[in-house]
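Undergrad: Submitted below is the structure of interest, expressed as structure tokens.
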């Protein structure tokens with residue numbers, strides 16, 4: 001029997017045993033229990049109070065608080081503009097959530113969307129928003145587009161990304177990360193969208209020029225599918241740009257706040273992450289550039305969920321498993337389906353778990369109650 005198939009048979013058999021025996025103690029068996037909190041919860045004190053109470057009551061111990069959603073800030077910053085979601089000009093959501101969470105024994109990670117900076121048709125209002133102040137930093141695909149639109153001029157892609165390989169983008173982001181880390185009593189800094197939009201992106205003019213000047217013969221084009229070596233060199237250049245940001249962010253944290261955990265949301269298929277999105281998160285773990293990764297294993301299909309875990313087993317030694325917080329979606333599956341993923345993550349010996357997201361709790365109040373009942377919580 002093929003090794004991978006045999007492994008899955010064993011794991012699924014163990015899962016069936018637990019489901020039948022009802023001995024699973026709930027997700028409190030995970031050392032780290034993380035809850036993603038999207039920025040719409042951070043606009044007023046009452047919403048934050050309800051979220052913190054929910055997290056404490058339901059056994060969470062880490063909160064991923066989205067404070068940089070689209071190149072803006074839900075905290076006091078001198079470098080990036082205040083989020084348009086915040087109507088109260090004096091309210092500092094991050095300061096308030098840190099105070100409330102720490103008082104309730106919860107750790108706070110500042111969730112920063114890194115390269116994704118805007119996802120609306122209308123431009124940002126603030127002239128200081130990076131979308132307006134540095135349009136030359138925005139990435140493009142092979143057709144020169146910064147994002148994708150349909151015939152009705154509605155955005156179909158994820159939005160506008162900074163070019164990770166632009167010579168000035170890394171320093172801008174490091175300054176943003178340093179500011180928030182120095183000013184706030186954070187337990188963690190969490191990087192999301194720390195990747196390229198997709199593999200056809202990278203066509204930013206200044207970034208291409210830098211590549212030509214430093215890495216390549218000026219007489220040859222980059223985008224030439226007949227030259228495998230040049231394509232590989234170009235992919236390595238894009239991949240290295242993101243890895244350098246992660247590496248330098250970790251070094252900055254060691255200088256500014258050494259106990260602050262550096263984590264990243266990553267594509268769950270390790271090979272696709274590396275070859276399509278240029279996000280080599282296995283290297284980040286092995287080299288010590290990052291403390292935790294959170295694979296966004298958000299499929300509702302248990303088999304696909306297991307496939308992604310198989311790749312982790314095959315490519316990463318067991319010693320790294322305690323630094324992988326397995327991501328489970330709540331928004332696209334029923335509580336019983338989410339329970340299957342929780343069981344599977346525990347059986348495959350991951351020590352951490354992350355739930356995306358708290359929004360489901362506010363939209364479907366009975367969701368988590370049903371999930372806990374299914375777990376014999």
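Values in this text are rule-based calculations from the coordinates and carry no lab data. On a predicted model such as this, the values are computed, not experimentally measured, just so you know. In this analysis, Cβ positions are derived from the backbone assuming ideal geometry, glycine residues included, and neighbour counts consider all displayed protein chains.
Undergrad: Note the full-extension length gain between residue 31 and residue 82 as 0.36 nm times their separation in residues minus their Cα-Cα distance, in nm to one decimal.
TA: 14.9 nm
Undergrad: For 304, 341, 78, what's the fewest-to-most ordering of other Cβ within 10 Å of each Cβ?
TA: 78, 304, 341
Undergrad: Need one word for the chain: rounded, prolate or oblate. Basis is the Cα gyration tensor (sqrt eigenvalues a ≥ b ≥ c); a/c below 1.5 gives rounded, then a/b vs b/c decides. Walk me through the numbers before you get to the answer.
TA: Details: a/c = 1.80, a/b = 1.22, b/c = 1.48.
Since a/c reaches 1.5 but b/c is at least a/b, the shape of the chain is classed as oblate.
Undergrad: Going by how many other Cβ atoms sit within 10 Å of their own, how do 260, 34 line up, fewest first?
TA: Exposure proxy ranking, most exposed first: 260, 34.
Undergrad: Here is a further query. Would you calculate, for the chain, the mean residue ellipticity at 222 nm contributed by helices, counting each DSSP H stretch of 4 or more residues as -39,500 (n - 2.57) and dividing by all residues, to the nearest 500? Don't jump to the answer; show the numbers that get you there.
TA: Details: 13 runs with 156 residues, N = 377.
Estimated from H runs of four or more residues: -13000 deg cm²/dmol.
Undergrad: Could you list 331, 343 in order of exposure, starting from the residue whose Cβ has the fewest other Cβ atoms within 10 Å?
TA: 331, 343
Undergrad: Here is a further query. Modelled label-to-label distance, residue 214 and residue 91, 7 Å Cα→beta-carbon offset: nm?
TA: Result for the modelled spin labels: 4.2 nm.
Undergrad: Further question on the same structure: Once fully extended, how much extra length lies between residue 49 and residue 128, figured as 0.36 nm per residue of separation less the alpha-carbon to alpha-carbon distance?
TA: That works out to 25.3 nm of additional length.
Undergrad: Ranking request for peptides 364-373, 191-200, 157-166, 234-243: highest mean number of other beta-carbon atoms within 10 Å first, then the rest in descending order.
TA: 157-166, 191-200, 234-243, 364-373
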